[in-house]
Amino acid sequence: MGTYQITVIVGSLRKNSFNRKLADAVIKLAPPEFFFQHAQINDLPLYNQDDDANQAESVRRLKTQIKSAQGLLFVTPEYNRSVPGVLKNAIDHASRPYGLNSFAGKPAGILGVSTGAIGTAVAQQHLRNILAALNVPTLCQPEAFIQMKDGLFDEVGNIGADSKKFMQSWMEKYVAWVRKHAV
């Protein structure tokens, strides 16, 4: 059994982000051979194709982290029925210039939480479309459209008792997906 480095990309910059909290809580459900490292995306410049030949240090750092990972975990809110601009900006940087896509072949999982009844369903669908174009094999089932409500997290920030069985099952499917598709 090997080890798996997973790059976690949270699509929110908010200090008290529900999605960052979800990412931190769900990674605790993974087996010990899975190591998770958050990608820093708050310092990326806006993507400009003119900069492809001379990418910023923050962009090179992101691309290196993604390339060295065996898998990806996207945890994103939904803004205006899509992914947040900061997440799309990070994806554009790491997938460019053409032919140097850092994401290609990396197995991914998608999660998200919001206060709305359908969670982040539409943002997740948009993200799946984007990742398909980037050759990222993405876990399709189980989908996890999570609504932020009392009990999702316990008092110390772990997945709460009412949600733990579902989230543990999701993590087990994600782990199997990464093991199957890791390059």
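Of all the residues that make up segment 141-160, how many are of a type in the set (S, T, N, Q) and not in a strand (DSSP E or B)?
Just the residues of segment 141-160 that are of a type in the set (S, T, N, Q), to begin with: 141, 147, 158.
With not in a strand (DSSP E or B) added as a condition, the list becomes 141, 158.
Qualifying residue count, segment 141-160: 2.
Results for (1) within 24 Å of SER169 (Cβ to Cβ); (2) part of a loop (DSSP other than H, G, I, E, B); (3) under 14 Å from the mean Cα position of the chain (by Cα); (4) not aromatic (Phe, Trp, Tyr), shown as yes or no for each residue.
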residue	(1), (2), (3), (4)
ASN16	no, yes, no, yes
ALA25	yes, no, yes, yes
ILE41	no, yes, yes, yes
PRO45	no, yes, no, yes
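Suppose we filter segment 126-166 for residues that are within 19 Å of the chain's Cα centre (by Cα), among the charged types (D, E, K, R) and modelled with pLDDT under 95; how many remain?
Final tally of qualifying residues: 1.
Report, by residue number, each residue of segment 85-115 that is among the hydrophobic types (A, V, I, L, M, F, W, C) and assigned to a loop (DSSP other than H, G, I, E, B).
Answer for segment 85-115, where residues must be among the hydrophobic types (A, V, I, L, M, F, W, C) and assigned to a loop (DSSP other than H, G, I, E, B): LEU100, PHE103, ALA104.
List, please: which pairs have Cβ atoms under 6 Å, are six or more places apart or on different chains, and start with a residue in segment 79-99 that is without any contact (Cβ under 8 Å) to a residue 12 or more places away in the chain and end with one that is of a type in the set (A, V, I, L, M) and outside any loop (DSSP other than H, G, I, E, B)?
Listed pairs, sorted by first residue: none to list.
What number goes with the only condition from (1) at pLDDT below 95; (2) more than 20 Å from LYS173 (Cα to Cα) that GLY2 does not pass?
Of (1) at pLDDT below 95; (2) more than 20 Å from LYS173 (Cα to Cα), only one is false for GLY2: (2).
Checking ALA53 against (1) surrounded by 11 or more Cβ atoms within 10 Å (Cβ to Cβ); (2) among the aliphatic types (A, V, I, L, M); (3) under 28 Å from LEU100 (Cα atoms), which single condition isn't satisfied?
Here ALA53 meets the rest and fails (1).
State which residue is nearest to PHE34 (Cα to Cα) when the search covers only segment 132-151 and only residues that are touching a residue at least 40 places away in the same chain (Cβ under 8 Å) and out of contact with any His (no Cβ under 9 Å at 6 or more places or on another chain).
VAL136
What is the one condition in (1) crowded, with 19+ Cβ neighbours inside 10 Å; (2) aromatic (Phe, Trp, Tyr); (3) touching a Leu at 6+ places or on another chain (Cβ under 8 Å) that PHE34 does not satisfy?
(3)
The values are calculated or read from the model by the stated rules, or taken from the named source; none is laboratory data. Note that the structure is predicted; figures quoted are calculated from it, not measured. Heads up, the Cβs are rebuilt from the backbone with ideal geometry, glycines too, and the neighbour counts pull from every protein chain shown.
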